[in-house]
Amino acid sequence: MKSQAKYITTSLLAFVLVAFSATNLLAQERNDIQYFVPATKAGVNVFEAPFTTDKTFDGVYVRIGGSNALQFQGISHDNDAGSLPDLENNFNLATSNLDLDVALAPGMRMHLRTYLSSQNHTETYVKGGYLQIDSFDFIEEGFLSSLSDNIRIKVGHMENNYGDNHFRRSDNGSAILNPFVGNYIMDSFTTEVGAEVYYYSGDLFGMVGLTNGKLNQSTEEGAVKTKPSILAKLGYDSQVNDDLRVRLTGSMFRVSQNASIYLYSGDRAGSRYYNVIEPGNFRAGRFAPSFAVSGRAPGGPIAGEMTAIMINPFVKFQGLEFYGVFENASGAIDNGEDTRSYTQIGAELLYRFGMDENFYVGGRYNTVSGEEPSGADIDISRINIGGGWFLTDNVLTKLEYVTQSYDGFTGDYAGAEFSGIMLEAVVSF
């Protein structure tokens, strides 16, 4: 035990020293792009890109950015059967992103993200990207100004704007906006080809979108013809005064027919809790409800359908911050013959303090419950307690204790649980 404690202490010290040394290598970030969320501390709690801007377009400008994340994991796991292999305290694979953000014309910009290194892929690959239009001045100055004063358009093979969780999640190497190390248990994140149209009016906004329902693009028609998916969002976001900000959003994602539904299994990069319960599963620690099952009968895949809704309150009063999640995903397989529903609840309470709120402490509570195809009622619960330190606007270190338990499962997940510490360093620019 003494040698293990010494190893952990030495590793944590080395980890912190690496984070400190990184601060000397960072250059000052430029934020010269209109309607843009910085990939730094300045992007914390921004959510959608701001609809107003004090930036001017001064010719085509290419911003090259990146983000890198590294974790030290000290987690143990167990189950009723005692069948799980031991996990050692060590470092996870460093993950890294490359971002290209391009100001193309007044009110028009492009975003492209590439995963350079991720848990699930050894090769570099493109996550996705989009074109965003906030003004039609690229056609002619003042063109349709009465429309562009309220309208935003996004088109691409992109991260779809369902709920607010995806604004606070770790996206491979990009983890500076997530106050904790892991994402939510039901990790709603997918990238599908589609378009989103936003309407802004003061503190209110709404969005309707359409996707083609495919994560991996193909024009070949399968045994189940995929129908377009529909998403929508309605929100209120107000900086009431210097001390108080209030935001409330409601979102919906509707899949009417698909052989594969990706909303909770669209992340190809991987989770942060490596090898827990199911070693080798790059989504370890998460849960993806399934409403579409391939090969359940002769003839191939069977169509599934799903409706997911999410409600997210956010309140920040001075340094005290609350973020909540209520989510329900319900669906059916076999034309309604196999129906079930899952509910996710989450709550985060943070306190940010120090000069420019460079420090924070807090906790997160997250549960998922529902009925599995076997008829079993399952429940997963997680608690995160931790904090973080912004060494600079580009460098964040986090320390958390996490514990997660499973109830109602069979096999390796029967009575399963994991717990331990996670330490993460993030560099983003």
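Of TYR401, TYR406, all but one fail to be under 30 Å from ALA81 (Cβ atoms) and open to solvent by 50 Å² or more (accessible area, probe 1.4 Å); the exception is TYR401. Could you tell me how many of the residues in region 355-381 are in a loop (DSSP other than H, G, I, E, B) and over 18 Å from GLY43 (Cα atoms)? Number of matching residues: 5. Within region 129-140, the residues that satisfy the criterion of being surrounded by fewer than 19 Cβ atoms within 10 Å (Cβ to Cβ) and part of a loop (DSSP other than H, G, I, E, B) are ASP137, PHE138, ILE139, GLU140.
Taken over region 342-380, the criterion of being within 23 Å of SER260 (Cβ to Cβ) and at pLDDT 95 or above is satisfied by TYR342, THR343, GLN344, VAL368, GLY370, ILE378, ILE380.
Looking at region 168-183, is at least one residue surrounded by 15 or more Cβ atoms within 10 Å (Cβ to Cβ), among the acidic types (Asp, Glu) and part of a strand (DSSP E or B)? So far as region 168-183 goes, yes, one or more of its residues are surrounded by 15 or more Cβ atoms within 10 Å (Cβ to Cβ), among the acidic types (Asp, Glu) and part of a strand (DSSP E or B). Scanning region 232-264 for residues that are in a loop (DSSP other than H, G, I, E, B), open to solvent by 10 Å² or more (accessible area, probe 1.4 Å) and in contact (Cβ under 8 Å) with a residue 24 or more places away in the chain, which turns out farthest from GLU88 (Cα to Cα)? Going through the qualifying residues, I end up with ASP243.
Residues checked against (1) at pLDDT 95 or above; (2) open to solvent by 50 Å² or more (accessible area, probe 1.4 Å):
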residue	(1), (2)
PHE72	yes, no
ALA81	yes, yes
ASN97	yes, no
LEU104	yes, yes
GLY107	no, no
LYS127	yes, no
GLY142	no, no
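Given the structure, is ALA223 crowded, with 16+ Cβ neighbours inside 10 Å and either in contact with a strand residue (DSSP E or B) (Cβ under 7 Å, 6 or more places away or on another chain) or closer than 25 Å to SER330 by Cα (or both)? No, not satisfied. Among the residues of region 343-378, how many are open to solvent by less than 60 Å² (accessible area, probe 1.4 Å), in contact (Cβ under 8 Å) with a residue 12 or more places away in the chain and within 26 Å of TYR401 (Cβ to Cβ)? Counting residues in region 343-378 that are open to solvent by less than 60 Å² (accessible area, probe 1.4 Å), in contact (Cβ under 8 Å) with a residue 12 or more places away in the chain and within 26 Å of TYR401 (Cβ to Cβ) gives 18. Under the condition of being within 24 Å of ALA425 (Cβ to Cβ), part of a loop (DSSP other than H, G, I, E, B) and touching a residue at least 24 places away in the same chain (Cβ under 8 Å), the residues counted in region 56-98 number 5.
Would a scan of region 410-426 turn up a residue that is without any contact (Cβ under 8 Å) to a residue 40 or more places away in the chain, open to solvent by less than 40 Å² (accessible area, probe 1.4 Å) and of a type outside the set (Ser, Thr, Tyr)? No.
Being within 18 Å of the chain's Cα centre (by Cα) and assigned to a strand (DSSP E or B) holds for only one residue in MET186, MET158, and it is MET158.
Within region 203-219, is even one residue small (Gly, Ala, Ser), free of Cβ contacts under 8 Å to residues at least 60 places away in the same chain, closer than 30 Å to LYS316 by Cα and open to solvent by less than 40 Å² (accessible area, probe 1.4 Å)? The answer is yes; a qualifying residue exists.
Here the condition is being under 19 Å from ALA303 (Cβ atoms) and out of contact with any Lys or Arg (no Cβ under 7 Å at 6 or more places or on another chain); of SER188, SER229, SER218, SER174, it holds for SER218 alone.
The values are calculated or read from the model by the stated rules, or taken from the named source; none is laboratory data. If you're wondering where the values come from, they're calculated on a predicted model, not measured in any experiment. FYI the Cβ positions are ideal-geometry reconstructions off the backbone, even for glycines, and counts take in every protein chain you see. Just so you know, the surface numbers come from the protein's heavy atoms only, side chains and all, with ligands and any DNA or RNA stripped out. Shrake-Rupley method; radii C 1.70, N 1.55, O 1.52, S 1.80 Å.
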